[in-house]
Amino acid sequence: MDLYLKHSKLDASQAKALLNGLSRSIALLQGPPGTGKSFTSVALINTLIDSGLANDAPILCVAFTNHAVDQILNRLIAQGVAPSKILRLGPNSLLTTVAKESSLTPNKPFGNDSFRHLRDIRKELTQHLQTYASQARIVAEGITLALNPLLEEAWDYAAQQKAQCQDPTKAFYRFLTGRVPRRTPEHHSGVTFTEENRQQIGRQWFDIAVQARSEKSGEILQRYSAESGRMGKDAKSVTASDIRQSFRVMGVTTSSLANRLDLIRAVRPKILICEEAAETLEAHSLISLLPSVEHVLMNGDHKQLRPVVSSYELTAASQEGRAISYDISLFERMVAPPPDLAATNVLPYDTLEIQRRMTPDVSKLIRKSVYPFLQDGESVHDYPLVPGMLNRVFWQHHYFGEESDEESFFNPFEVDMVTALVKYLTECGTKAQNIAVITPYKYQMQRLKQAIYSALQVRPYDPLAEVPTIVTVDEFQGCEADVVVVSMVRSNEKHECGFLKIQNRVNVMLSRAKHAMYIVGNADTASRGPMLGEVVEQLRSARLVGPAFMTACHRHPGEAVPAAMPGDLSEQAVCRSLCNVTMACGHPCVKSCHGDAHQCRAICKKPLPQCGHPCTQQCGVACTAICLVVVETASSDVTLTCGHPAPANATCHDFSHGLVRCTQMRDSVTQLPCGHEARLSCDQTVENYRCKEKVSFLLPCGHERSGVCSSPPSENVSCKEPVTLGRPDCGHLVSLPCCETDRPASPCMEAVDVLLKGCGHLVRAACHQAKDTSLQLRCKAKTTTVLACGHEAVISCRAVTRNKPINCKQQCPLPCGHTAKCYEAVDANNYRCLVVIGTRPCGHEQLCGMGSHCEVTVPIRKVDGVALRLPTTAPCHMAKTVGRQLALEEAAAVSAVLDSPSRAAPCKHGFDAAACEKSIDLYLPCGHRATVACRQTSDLTQVPCPIICTITYENCLHEKKLACSELEKHQTCDVLIPVLCVRGHPRELTCGEQTTADPTHKEAECEHQVARSLSCGHTVGVPCFQAETPVEPRCTAKIIHVLPCGHKTDIECAMDAQQRDAVPCHHKLEVTGPCGHSLGTTCIKSRNEDLPACTAPVERICNDCSHRSFVACARASTWSCQNKAVLSESGDPGSLRRSGQTHLWLWAREVGEVLRAVAYHEMSEDHGDQARVRSYHQARMQRHTFFEAVHEADFGR
């Protein structure tokens, strides 16, 4: 255990619980509030994973709630467990990083493809059933199915009406009611339908359509049932081998475990972790004990809330249910069974003893009654005080009575008091999301939510709003908050406290707060509960129970102010001092202490120049040129031209400009030219009066449109009635406004399958793209091809048709013995092998292909302990040299500045005027006020103005908000407007470009790629504006060409004969060098006699020391014995034996040369060549001889 205490963050009780959890087959852990039950469980799971016990089958983590399962899985991820190794089973999980059922492969029962196919069938059925809502549309389909000759005239009439109004509903009802307009079948054929005939025909149409729809509905339901059955069959046949191999932890609730019992049993988990076992029903805990489980850890706290049982008669609190006690968990039965139950063996368990959540003022409330052994951690003593409150814990005692309805209890006074307290705490600086409001009753919780959301002016369920947590006590188990406000609710003359007498619930209620807890309730009523009675007595002895909260202003510290009513809890009520803050206008703030923004509300009262009346604007707002002072005049003082007295509410501006109008209504009703009647005011005439009666207008298209009588629609008005039409080119349906039916339709975006001519694959594209032969659709199919190197690769079909070189990524050997990608290994002499072969003295990795110097780029921030003003980077082996040079340059630059006689004069703050960063408020040249640095005041024209202004463009009336300094750069409107070129390609132009460009949007502006057939027979992709240009673009297609040397190569089609013959030939050849060895080269190099250096190993014997060595053939003529050089430097033949590093380096160098030469021959492509085979075997013999020489040598012994 000492090792756990030394190398982990566990305390003594947690380390002991961890060791017992590993050594016992059934380990029980009791964790009081804030002691770290989940932290200990996570440490145990990490230990089991690190030891490899989860490799055969994942660890099963179960809990009663989704919140508990998600919480422990989140802690595992935070402790380093990879999310890809965690599987979360079941719905309603908020985790997004771990694997879930829906993320399993498609051949699993929860595959995405199966669910998507089933969803599509269900959507098709829903859309089909929705069409039954309109009887007229059903009959419209029946008309098309009714081929009875007796109904021919009616069918023609209905078709005619459908073609005229595009609405089968109106045509059907006109036919049934007999309201036929002119030019009906009855007028031109002499056929007359009676009302009975019409109803009979309508019923026959309806029966035909319903029968057809029923057949289609039955066919869709059969497909849905078949797909559901197939998915169920696949789900039952799933094996759990993939889950055992892919995951290390599996989280699930007990309910989801019961629903997936067959799948989880097939996984055969051996380790079970049961979180919050004390609030899990006994039946749920028993079903989690699978036959394969060998190790169980259950943690919880039986002194907190028990499992929830809907029937009170089955709980241990009821007289008749005490023998059953269905709400007692399996954990409590094994740890501390009630004395009235049958004898139960109490198993050994561990208890955590140090809490790190509650401040000592809160923890002592539960220590005396529930946890006498509980200790406070060191961190809980450093919590800050709550701003605006004098105490961390206080109980406000009141006598306001409770109220009740048929379901629950509530207390209106506590709703108002708690709402005022929460608002006061947020005004004093406590964040709303750090406050929790809890209450035992659900109805009280609902009223608190409404009141607090209204007081804080936030919308319910707004994900971005900062609101406190408002829940019941039972819902808040397992959670915590900085400040907790408790509403006790119960307050009555009989002192009945309800289920507040249950110790488990009171324990949860009093153990949620971290920094402070404030209780509002009747202390006399609550004292009837066993535990609450001790808590009230303890708080009263500490003088923490009273009729009012003790508050104090945190801005103006002084005496405490009691707050007994909701109106007393505000910053103005708590602090009666004046704010007295000098505002921007220069006036002091005369309001009482407040925390919101300061705004001067004084009236300007400066005399206006045009009339002398005082200005009525607020301070800081520019005086208006329109005087709005009401001129008080008697009715006999001023008379208008009509003879009526002037109105009493006329302003100074209206009188001075003759704008006073007589609003007295006439006694008689006036007949308007349109035929309507209206009462006019004295200053209104029939000519300038606009009739406001609502009428209906008939548009030229036949649709009706409502409007005002005085504003009839013009002849060119656009009818917005939706009309469904079939496209003439493809037949797909499109819904358009009636006014757009005569215009060319937009390109059809219906998805269709297109067969590509080049490769024969199917591709999904829009309908208008499928019909446009100039478009070159991209094929997304995969195909297998043989690359130039001889390897096979799976690439896209489009890459094959482009005839571009494809890099082969298969691994091929390098001369050093390592492997690299095929396209990199082609030029093995210039490729640097990146395999790590060791560690350099500087600490960086030694790569196989790198030299003796470390080239890793490192930052240079300090040199010999002195920090650089301008840090830089350099290669590792040059870091010290570069750093010292920069340090010398910086020192010289600083000395030059200090010794310069022309240093700038200091500013008014006493600093260098060119570098002073003090803030100054002033007006910029644009007229806006801003805060700038002192060094910027020398040239205010270079200071950007940050004020946001709105610019309105004159040509298009678009508006845009920009910074004031950016207005000159945006003189042209850049709002994007979609347009189409002459071929229908969509593109976007800015508003400024559209107004200056050709209104027809010539194809010269379109850069969309289209296919163009060239005279050579190839097809290339060109921009849309080059689709029909007289000058053909350059053909870049690859063709096979025979070079003068006889070899074949790929060239561009556009090359002429001279360019084709000048293409260099890179075909690989084997030639015999001057030395007689076989050399690998290319055709062009062999013709230019540019042969590579021969690397074949040859043996050389030193004439002085008789030392044998193998070197490359090209270096044989200049070879000199290195052992001879070492011997000549030391002067002692025996020193060669003692210089271990020197002779090892020499031997390693020669070994490397031979191995490179041998590897070159082993990598050759043409092993059938006799010369190659002979050279290959010769190199192997030389290598064998060399190793024998190394073995017989006496060096290093």
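Any read-out appearing in this document is the output of simple, stated calculations on the displayed coordinates, not a laboratory observation. Source: prediction; values computed, not measured. No Cβ is skipped: glycine too gets one built from the backbone with ideal geometry, and neighbour counts run over all protein chains shown.
Annotations for the structure displayed:
- For region 732-779 and region 292-367, distance of Cα centres in Å: 68
- Annotation: amide H of S592 within the under-5 Å range of C579, sequence separation 5 or more or interchain, hydrogens built in the peptide plane.
- Shape class of region 836-883 from the Cα gyration tensor (axes a ≥ b ≥ c, square roots of the eigenvalues): prolate, since a/c reaches 1.5 or more and a/b is larger than b/c.
- Measuring between alpha carbons in the structure, the pairs from K449/K961; K692/K961; K880/K918; K100/K123; K16/K514; K37/K442 lying more than 30 angstrom apart are K449/K961; K692/K961; K880/K918.
- Sorted largest first, extent of region 357-569 alpha carbons per principal axis (Å): 47, 39, 34
- Simple label model, 7 Å out from Cα along Cβ direction - H1047 to A648, nm: 11.0
- The string of couplings for region 44-56 from the Karplus curve (6.51, -1.76, 1.60, θ = phi - 60°) is 5, 5, 4, 5, 5, 5, 5, 7, x, 6, 9, 6, 7 Hz, one whole number per residue in order, with x for Gly and Pro.
- Above-threshold pairs, the threshold being 29 Å between Cα atoms, out of K757/K1038; K423/K605; K423/K591; K821/K1085; K303/K423: K423/K605; K303/K423
- Here the Karplus relation 6.51 cos²θ - 1.76 cosθ + 1.60, evaluated at θ = phi - 60°, turns the backbone of region 925-931 into coupling constants of x, 7, x, 8, 8, 8, 9 Hz, with x for every Gly and Pro.
- Applied to region 1042-1058, the Karplus parametrisation 6.51 cos²θ - 1.76 cosθ + 1.60 on θ = phi - 60° returns per-residue 3J(HN,Hα) values of 8, 6, x, 6, x, 7, 9, 8, 9, 9, 7, 5, 6, 5, 7, 5, 5 Hz, with x for Gly and Pro.
- Its Kirkwood hydrodynamic radius, worked out from the mean inverse distance over all distinct Cα pairs, puts region 743-887 at 21.0 Å.
- Ordering V545, V362, V508 by Cα displacement along the dipole of region 357-569 toward the positive end leaves V362 in first place; charges were set at the Cβ atoms of Lys, Arg (+1) and Asp, Glu (-1).
- Cα→Cβ-extended label distance, 7 Å offset, between R727 and K821, nm: 4.1
- For H397, the amide hydrogen comes within under 5 Å of the amide hydrogens of G546, A548, counting only partners 5 or more places away or on other chains and with H modelled in the peptide plane.
- Under 5 Å, built H, 5+ apart or other chain: amide partners of I977: L989, T990, C991
- Debye, to nearest 20: dipole size of region 243-298, +1 on Lys, Arg Cβ, -1 on Asp, Glu Cβ: 420
- In this simple spin-label model, placing a label point 7 Å from the Cα along the Cα-to-Cβ direction at both S379 and S746 gives a separation of 5.6 nm.
- Once the chain from E693 to A766 is taken as fully extended at 0.36 nm per residue, the excess over their C-alpha distance is 21.4 nm.
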